[in-house]
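In what follows, a single structure is set out as structure tokens and then discussed.
The values are calculated or read from the model by the stated rules, or taken from the named source; none is laboratory data. Predicted model, so just to flag it, every value in this text is computed and none were measured. Using ideal geometry, Cβ is built from the backbone for each residue, glycine included, and neighbour counts are taken over all protein chains shown.
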Amino acid sequence: MNLIIDFGNTQLKVAVFELKDLKYFQFISYNELNQLIAIFDRYDFSKLGITSVREIPPDFKRFIDKCTCEKYFLKSGDPLPISLNYTTPHTLGNDRICNVIGAKSIFPDKNVLVIDLGTCNKYDFISKNGVFLGGAISPGFKMRFDSMNYYTDQLPEIQPEAASEFIGDSTKNSMISGAFYGIIGEINFFVEQYIKEFSDIEIVLTGGFLTYFEKDLKNHIFADPYLTLKGLNEILNFQVNK
């Protein structure tokens, strides 16, 4: 049994896998170390896989260091079950690597475009031959609201929400429409371009803002909120078995 931890910008994502099967998932905030301890006590796992986009808080790090199980921390340059055709692999985020590997485990014989709707929107493509070719990065949903407020004098600070109407009838609703349908249009454009370029392609949607958008997108998109964790689990199994 594997325990997988993704240290994100604002919280942890924790998952328990039996081989490839996801058995348990939980979000944990950075002030709730006791919840992580409870998971360690509840499950009998032999391997621990960790990825992080930030410095791991000292209390979490001390606790993990005490764990006697086999530990693997994903870092740049590690052997992977895919090939990277990327000119700056040292700058490639672990989340992007995990996402394409997770997608490849679901669609092993297909070209796959992964769309991760998180702090930034990330578009990552892996070929049917298992080669990561790169993609695109754009401002994420919340970032668009924050930018409109920060870089203007009169636009208010508001929290992200899905638009109910295309034409905004107030300043707030206009901002919501612009941010929401701007991303819908962006996603549809990227999907159309990749479909033109590559045959036999699957589209996988993931990320923290997934639920805001999945019902408004075309029905050929496959949604998986656990994709990053599945990818790290694949990497952990690969590292142990190589």
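Restricting attention to strands (runs of 3 or more DSSP E) lying wholly within the stretch 51-143, give those where 2 or more residues are of a type outside the set (Asp, Glu) and touching a Phe, Trp or Tyr at 6+ places or on another chain (Cβ under 7 Å). It would help to see each step written out before you state the result.
Details: elements: 70-73, 111-117, 120-126, 131-139.
So the answer is 111-117, 120-126, 131-139.
Would you please name the residue that is surrounded by the most Cβ atoms within 10 Å (Cβ to Cβ), looking only at residues in the stretch 4-54 that are of a type in the set (Phe, Trp, Tyr) and in contact (Cβ under 8 Å) with a residue 60 or more places away in the chain? First the steps, then the outcome.
Here is the first cut: in the stretch 4-54, the ones of a type in the set (Phe, Trp, Tyr) are 7, 17, 24-25, 27, 30, 40, 43, 45.
From what is left, the residues that are in contact (Cβ under 8 Å) with a residue 60 or more places away in the chain are 17, 25.
On the way: Phe17: 25, Phe25: 14.
Taking the candidates together, the pick is Phe17.
Name the residue that is nearest to the chain's Cα centre (by Cα), counting only residues in the stretch 171-216 that are of a type in the set (Phe, Trp, Tyr) and within 12 Å of Asp116 (Cα to Cα). Outline the logic, then answer.
Pass one, the stretch 171-216, residues of a type in the set (Phe, Trp, Tyr): 180-181, 189-190, 194, 198, 209, 212-213.
Imposing the further condition that a residue be within 12 Å of Asp116 (Cα to Cα) reduces the set to 209, 213.
Details: Phe209: 10, Phe213: 15 Å.
So the residue we want is Phe209.
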**Asked** Applying the selection to the stretch 142-169, what residues are farther than 21 Å from Cys120 by Cα and aromatic (Phe, Trp, Tyr)?
**Response** Phe166
**Prompt:** Restricting attention to the stretch 144-157, which residues are among the aromatic types (Phe, Trp, Tyr), exposed (fewer than 15 other Cβ atoms within 10 Å of the Cβ) and either part of a helix (DSSP H, G or I) or touching a Gly at 6+ places or on another chain (Cβ under 9 Å) (or both)?
**Reply:** Tyr150
**Complete:** In the stretch 184-200, residues that are surrounded by 14 or more Cβ atoms within 10 Å (Cβ to Cβ) and either touching a residue at least 60 places away in the same chain (Cβ under 8 Å) or of a type in the set (Ser, Thr, Tyr) (or both) total 6
**Request:** Could you list all residues from the stretch 108-166 that are among the β-branched types (Val, Ile, Thr), touching a Ser or Thr at 6+ places or on another chain (Cβ under 9 Å) and more than 24 Å from Glu214 (Cβ to Cβ)?
**Result:** Val131
**Asked** In the stretch 73-104, which residues are modelled with pLDDT of 95 or more, among the small types (Gly, Ala, Ser) and farther than 22 Å from Ser138 by Cβ?
**Response** Ser83
